[in-house]
Amino acid sequence: MTIRLRSRSRPPSTEDILATTAHELRLPLSHIKGFVSTLRRTDVEWDTETRTELLADIGLEADRLALLGTPVELEIIFEMARLGLT
């Protein structure tokens, strides 16, 4: 994961770090919700290949979310952002 902060002229604030982290946590959730909503549509019949691809995408996003959620990784993200290493 790469955190990009708007300005490099100042150290990132706590708000910058929290906003970036919140975005990184929301993004996979948004993707999962979209894929599930797509699969639940009753006006479309999904072929096996499409259904399999969507389920695989849900799995990938869930894996991504799981990686972001560990306390050690969140601490590393915060520290890297604080030091301007991202």
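The values are calculated or read from the model by the stated rules, or taken from the named source; none is laboratory data. Given the structure is predicted, the values throughout are model-derived calculations rather than measurements. Neighbour counts are summed over all protein chains in view; Cβ atoms, including those assigned to glycine, are modelled from backbone coordinates with ideal geometry.
Could you please find all residues in segment 28-60 being closer than 30 Å to Pro11 by Cα and either in contact with a Lys or Arg (Cβ under 9 Å, 6 or more places away or on another chain) or of a type outside the set (Gly, Ala, Ser) (or both)? If the condition is that a residue be closer than 30 Å to Pro11 by Cα and either in contact with a Lys or Arg (Cβ under 9 Å, 6 or more places away or on another chain) or of a type outside the set (Gly, Ala, Ser) (or both), then Pro28, Leu29 are the ones that fit. Of all residues in segment 19-45, which are farther than 24 Å from Thr70 by Cβ, assigned to a helix (DSSP H, G or I) and among the charged types (D, E, K, R)? Across segment 19-45, the qualifying residue is only Arg40. Listed conditions (1) modelled with pLDDT of 90 or more; (2) surrounded by 11 or more Cβ atoms within 10 Å (Cβ to Cβ); (3) of a type outside the set (Ser, Thr, Tyr) are all met by Leu25, apart from (1).
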